[in-house]
Structures are given as C-alpha cells and as structure tokens.
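The values are calculated or read from the model by the stated rules, or taken from the named source; none is laboratory data. The model shown is predicted, which means the values in this text are computed figures rather than measured ones. Neighbour counts run over all protein chains shown; Cβ positions are idealised from the backbone, glycine included.
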Amino acid sequence: MTTLWDLMRGAMVTKALGAAADLRLADALADGPRPVAELAQAAGADGDNLHRILRALASEGVFAEDEPGVFRNTELSEGLRSDEAHAFAHLFGSVFYDAIGTLDANAAEETFSRRFNTDFWSWLDARPAERAAFDAAMAGGKDRPADRLAGLDWHDGTVVVDVGGGNGALLRALLERRPELRGIVFDLPETVRDEAALGDRIEFVAGSFFDSVPTGDTYVLSGILHDWSDERAGAILRTISRDAPKQARLLVLENVLEHGNEPNGAKWLDLLMLVLGGRERTAADWRALLADAGFEITAVEDGLVQAVCR
C-alpha cells in the first residue's frame, strides 16, 4: 500500500513543486537557511500555507527543515534554480496539471480543449508569459542531444535545418562541437530568440512547418513530432519530404518506446501527449510514420531515428 500511496499523492507533489517554482523559493534560499516567515513576506505568501508546503516538500528531499520553521536548499531544490527546471515545474503545476485532469480513456480526440475551450498551441500563442515558460523549458538540456548529433558523420559545409528549433539552443550547441557545419533555425516568427547570439553561421528563418521548410542538407526534428497526432506529424514530415533535396538526411530526436514493465518516464509523458493531442511512439510506429511520408529509415534507436528523403 505504501507504493500505491506514493503514486496516488503524486498530484500533490506536482502542485507543491509548481508553487515553490512560482515563488522562486530555491532562489530565495541560495545564500543559506531562512525562516519561513521571512520567505513568506518576501514572496507575498501566507506564512502558514508556505510552511506546510515547504514541510511536505522537505519530506521528499526538496528543501530541508533543520530547525522548526527554518528551511534551506538541498541538491534537489537547487535544481529548481535552473531556467529549464523552473519552467517545467511551473508548467506541470499549472496548465499541464489542469490538462491531465481531463484524461479520459474513452475520448477519441485530445481533451485539452474540453478544459480550455481551444487547442494547446492556440492557448499558448494567446499567452506570451506561458509561451516564454514553454520556450524556456524546451530550450534546456541540449548538451546530450548535441553530443549525440555531433557524434554522427558530417561533411564540411553541411547546412543543418533545425525544424521548430525555438531559440536555436540545439544548433548552437551542435555547431560548437562541429564548427564545419552551418545552420538554419526554422520556427514561428513569434518565437522568443536572440538572433545576435546565433552568430554568423546560424540564420533564423520564420515560418510554419505545416507550410514549407528552408532548403538544407540535413533536417533535425527535436521533440517536435511527439507533440502531434499521426495525421499532423505526417503533414510535417510530408512538408520536409516535398521541400528537401533528394537524399537529404532526417534526424528525429524523440523517444522510442519499448515493450516491458521497467520504469519509463516516456510512457508517462505519453499520457500528457494524449490529452494535448500528441503521442510517444514505438519503433514500429516511427517506421510506419516516416515511410508513409516518403522517407527511408536508416536507423532507429531510443532518442534518435535516422532517415533519408527518397
């Protein structure tokens, strides 16, 4: 029963982490322990409520109460200070929390719109602050995928198009490792970015991947296709297949689900994608999706699917 209880109360942990992130409590404790009354005053929060939230989180190792009413950071709470973790904690404690509450095993379509009266992307576009949080969450953690891409074979002067590339963090990291490449970040014009930070080897091109993509030699889709149904993901892939040169390379950085009962965060992420209108996919799913869009699969590994345009 203990394990079941831990699973059932997960929603409360999510909300508590979201509250801690929104109040920037980890940042407030960066210089050492502080009384909860002092934290509450600085954050404009109710002292008793804040104490109870911090006490619960401390029982999981997020913050620590070494003496009554005085809290400090731990290794886990220090992690909340990064832009990526802060943004994810905010999103999971707010819009994602409300969205997963619409999970319905009988629904044939996404259920986000039941709660918000619009699809997720339209909701995001109408809220610049939430869009900025989403972009910050997506921009983090690029070192590992950049390392993986950098380890592939590349030719001098190859133009890499990062489709839906956001602020260009992945391409910047890749070109730091492979300076012989050039890059194009392709995303919607409203994407928050610093074009000066892209340097002289990366160009930002505005547009929608449902309409067209720029010409390049290699196309990267990092965490894009899982946001969409097979129909919409197929439309993105067909756009690339249509506009890309023949034999152009496609690199898809996504989870590849495997059969088995081992702990797998991607299978939980798939439930969020379910309510938002997307999905995580198995190797068989990826092979079918890409083949139908005009690509020939060359390799399928968890985290990276490689293909060429036929």
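Figures for the structure shown
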read-out: Meets criteria (under 20 Å from the mean Cα position of the chain (by Cα) and either polar (S, T, N, Q) or not assigned by TED's automatic domain parsing to the domain that holds A16 (or both)) for S122; value: yes
read-out: For F120: the one exception among (1) more than 30 Å from R201 (Cβ to Cβ); (2) without any contact (Cβ under 8 Å) to a residue 24 or more places away in the chain; (3) of a type outside the set (A, V, I, L, M); value: (2)
read-out: Flag if R114 is among the charged types (D, E, K, R), assigned to a helix (DSSP H, G or I) and in contact (Cβ under 8 Å) with a residue 60 or more places away in the chain; value: no
read-out: Entirely in segment 190-302, the strands (runs of 3 or more DSSP E) that have 2 or more residues that are of a type outside the set (V, I, T) and out of contact with any Ser or Thr (no Cβ under 7 Å at 6 or more places or on another chain); value: 202-206, 218-222, 295-301
read-out: Among the candidates A107, A56, A43, A89, residue that is among the hydrophobic types (A, V, I, L, M, F, W, C) and exposed (fewer than 13 other Cβ atoms within 10 Å of the Cβ); value: A107
read-out: Candidate set from segment 59-86 (those that are surrounded by 21 or more Cβ atoms within 10 Å (Cβ to Cβ) and in contact with a Ser or Thr (Cβ under 8 Å, 6 or more places away or on another chain)); member that is farthest from D27 (Cα to Cα); value: V62
read-out: Tally, over segment 179-189, of residues that are of a type outside the set (G, A, S) and either buried (at least 18 other Cβ atoms within 10 Å of the Cβ) or part of a helix (DSSP H, G or I) (or both); value: 6
read-out: Subset of segment 100-123 (residues that are of a type in the set (A, V, I, L, M, F, W, C) and farther than 24 Å from V252 by Cα); value: I100, L103, A105, A107, A108, F112, F116, W123
read-out: Test set (1) in a helix (DSSP H, G or I); (2) closer than 26 Å to E130 by Cα - A30 fails condition number; value: (1)
read-out: Condition check for A284: modelled with pLDDT of 95 or more, exposed (fewer than 14 other Cβ atoms within 10 Å of the Cβ) and not acidic (D, E); value: yes
read-out: Qualifying position, being over 24 Å from D187 (Cα atoms), surrounded by fewer than 18 Cβ atoms within 10 Å (Cβ to Cβ) and under 17 Å from the mean Cα position of the chain (by Cα), among G265, G260, G303; value: G265
